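For reference, the structure discussed in these notes is given below.
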Amino acid sequence: MPSEQEIIEEARKWIGTPYQHQASCLQAGCDCLGLVRGVWRELIGGEPELVPPYTPNWAEHSRHETLQDAARRHLTEIPIGNTRPGDLLLFRMALGAPAKHIAIVSETDGGRPTRIIHAYWGRSVVETYVGNWWMRRIASAFRFPENQ
């Protein structure tokens, strides 16, 4: 069972990995989902399902909660206000749009996420502060299944 610290340490190994759509290779390239997939493989084992090909604008076109539905199949949903380091946050990049971004919480303050590790277009994997812009976009929160 990975601890909160093990999840964060593994995620931090990915910092600096260049953004590459649909990739999940440490130091070579990944997107936000690829980062989570890589941490999962290292700490939990084989990925629970095959990720189908997706375009950068898949959520805008499909209008389905594909990422959130997959998270609900393999992770444990938790209240957003009860996050702790090592948890995962899903974000809606536009109001009313499906959740399409995922990040690993690295620091919290009283259950509120304050820092996240994530990959997003045009950037490498980074650890950033969760300001109001990010807070307004949180759609849901999850915990790795072995990190109950």
Exercise for review: Could you check, for the stretch 136-143, whether at least one of its residues is among the hydrophobic types (A, V, I, L, M, F, W, C), crowded, with 22+ Cβ neighbours inside 10 Å and farther than 16 Å from ILE78 by Cα?
Suggested key: no
Revision key, fill the gap. Of the residues in the stretch 120-130 that are among the β-branched types (Val, Ile, Thr) and assigned to a loop (DSSP other than H, G, I, E, B), the one that is surrounded by the most Cβ atoms within 10 Å (Cβ to Cβ) is VAL125
Point to revise | Any strands (runs of 3 or more DSSP E) falling wholly within the stretch 33-119 and containing at least 1 residues that are among the small types (Gly, Ala, Ser) and at negative phi | key: 101-109
Point to revise | Residue match in the stretch 90-102 (condition: in contact with a Ser or Thr (Cβ under 7 Å, 6 or more places away or on another chain), within 13 Å of PHE142 (Cβ to Cβ) and without any contact (Cβ under 8 Å) to a residue 40 or more places away in the chain) | key: no
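Among the candidates ALA28, ALA71, single out the residue that is under 23 Å from THR128 (Cα atoms) and free of Cβ contacts under 8 Å to residues at least 40 places away in the same chain.
ALA28
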Point to revise | So LEU67, is it surrounded by 19 or more Cβ atoms within 10 Å (Cβ to Cβ) and in contact with a Phe, Trp or Tyr (Cβ under 7 Å, 6 or more places away or on another chain) | key: no
Review point. Could you list, in sequence order, the residues of the stretch 80-96 that are farther than 14 Å from THR108 by Cα and more than 13 Å from the chain's Cα centre (by Cα)?
Key: MET93, ALA94, LEU95, GLY96
**Study point:** Count - residues of the stretch 1-25 that are surrounded by fewer than 17 Cβ atoms within 10 Å (Cβ to Cβ), over 15 Å from ALA103 (Cα atoms) and among the aliphatic types (A, V, I, L, M)
**Key:** 1
Revision key, fill the gap. Over the stretch 14-25, the set of residues in contact with a helix residue (DSSP H, G or I) (Cβ under 9 Å, 6 or more places away or on another chain), touching a residue at least 60 places away in the same chain (Cβ under 8 Å) and of a type in the set (Gly, Ala, Ser) is none
Practice item. Please work out which one of (1) surrounded by fewer than 13 Cβ atoms within 10 Å (Cβ to Cβ); (2) at pLDDT 95 or above; (3) within 18 Å of HIS101 (Cβ to Cβ); (4) not hydroxyl-bearing (Ser, Thr, Tyr) is the condition ALA28 fails and give its number. Key: (3)
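The values are calculated or read from the model by the stated rules, or taken from the named source; none is laboratory data. All values derive from a computational prediction rather than experimental measurement. With ideal geometry, Cβ positions are generated from the backbone for all residues, glycine too; neighbour counts draw on all protein chains shown.
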